[in-house]
Every structure is written in C-alpha cells, then in structure tokens.
Amino acid sequence: MKSSETDITFLNKLNARDHEAFKQLFREYFQDIAYYSSKILKDTDVAEDVAQDVFIRLWEKENYFENYLALKSYLYLSARNGCLNYIKHHNIVLEHAQNLVQEETEEQTWDTIVESEIISLLSDYIRHLPGECAKIMELVMQGYNSTEISTLTGASSSTVRSQKQRGISLLKKMVSPELYALLVLFLQQNN
C-alpha cells in the first residue's frame with residue numbers, strides 16, 4: 001500500500017469482506033507467506049499449501065484489522081502456526097517439531113520475516129528488468145545456481161552469468177544503497 005489513506009481504504013474494504021480487496025491482498029502477499037512458510041518447512045509445495053490455507057481461513061473467518069501491521073502480523077503468525085500444525089499432524093520428525101517450537105527464538109522469527117520482506121521488495125524491482133534478465137534473476141533469488149538456471153532455461157552458462165551480472169548491475173542503479181547491500185548479502189549467502 002502506498003499511503004496511510006490508501007491503507008485505511010483498503011482495510012475498510014477487506015474488513016467488509018470485499019472480494020476485490022481480498023484478491024489484491026492475495027496477489028500482494030501469497031508469495032511472501034509461501035516463502036516464509038518454506039523457510040520453516042523446507043518444502044516449497046507444502047509451504048504453498050500452508051500459504052493458501054492462511055488465505056482460505058482469512059476469507060472464511062470474520063476478522064477486523066485496525067491497521068496494516070495487524071493484518072501482516074495475522075498473515076505471518078497464521079502461516080507460522082499452519083506450518084507447526086503441518087509438522088505435528090504428519091509426524092514429520094516429531095523431534096524436529098518439538099525443537100522448532102522450543103528453540104525458535106523471536107529473533108529468528110523476525111529475521112525470517114525481514115528476509116521475506118526484502119525478497120518481496122527485490123522481486124518487485126526484478127520484475128522491471130528486461131525479459132531474460134528478469135527471468136534469470138528470479139531464479140537466482142529462488143536459490144538456483146548458474147548451472148541449474150542454465151538447465152532450467154536452456155540458456156548457456158555464460159549467458160546465465162552475463163544476465164545475472166547485468167541484473168545485479170541494473171538493480172544497483174534501481175534500488176537504494178541499503179537494499180543493494182542486502183541483495184549482495186543474500187546472493188553471497190545463497191551461493
């Protein structure tokens with residue numbers, strides 16, 4: 001949302017269960033919630049199911065959000081709870097579920113949320129890159145290496161590397177220095 005007035009209008013529509021507002025919310029946050037869930041579950045398909053369940057429950061249950069922070073908190077906490085329920089329900093390494101519940105600190109949760117938000121911001125910029133460059137940078141952000149991207153896209157390894165460098169160079173011009181520094185850290189962490 002761009003301004004607090006727009007936020008209030010949007011929240012009023014969402015609180016009134018406006019279908020278009022809900023679709024807009026889904027479009028804006030589904031990938032973020034799925035990414036956040038995938039960091040907990042380590043399974044992209046299941047994470048997307050959990051994210052979808054979050055939005056289904058949101059639609060089916062009457063909620064009232066006073067502000068945008070309350071809405072985002074609801075989405076992330078619902079996703080977290082959905083992930084924990086999935087782990088418990090399917091007995092996927094019961095010990096892992098217990099450790100996750102006991103050991104996950106608030107700081108780790110916030111780190112994952114912040115990482116999800118940064119990925120979302122960068123993805124918005126990446127969508128504005130030229131065609132093949134955008135496609136390759138999206139795959140880079142999903143954690144694929146150059147060889148995997150080459151296989152997925154059919155592009156040569158040198159094309160992938162040059163498009164990746166081009167994307168990084170273009171993003172450096174598009175984003176703030178702080179966001180660019182976070183991009184570089186993310187790329188180093190995922191290589």
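Some notes on this structure:
- Of all residue pairs spaced 6 or more apart or on separate chains, none has beta-carbon atoms under 7 Å together with a first member in the range 49-75 that is closer than 20 Å to I8 by Cα and a second member that is surrounded by fewer than 12 Cβ atoms within 10 Å (Cβ to Cβ) and among the polar types (S, T, N, Q).
- Lone unmet requirement of (1) modelled with pLDDT under 85; (2) hydrophobic (A, V, I, L, M, F, W, C); (3) open to solvent by 90 Å² or more (accessible area, probe 1.4 Å) for L69: (1)
- Between T153, T147, the distinction of being among the polar types (S, T, N, Q) and open to solvent by 50 Å² or more (accessible area, probe 1.4 Å) belongs to T147 only.
- If the condition is being in a helix (DSSP H, G or I), of a type in the set (G, A, S) and within 20 Å of Y36 (Cβ to Cβ), then the range 108-146 contributes S116, S120, S123.
The values are calculated or read from the model by the stated rules, or taken from the named source; none is laboratory data. This one's a predicted model, so the numbers in the text were calculated from it and none came from an experiment. Note: ideal-geometry Cβ built from the backbone for every residue, glycine included; neighbour counts use all protein chains shown. Calculation scope for accessible area: heavy atoms of the full protein, side chains included, ligands and nucleic acids excluded. Shrake-Rupley method; radii C 1.70, N 1.55, O 1.52, S 1.80 Å.
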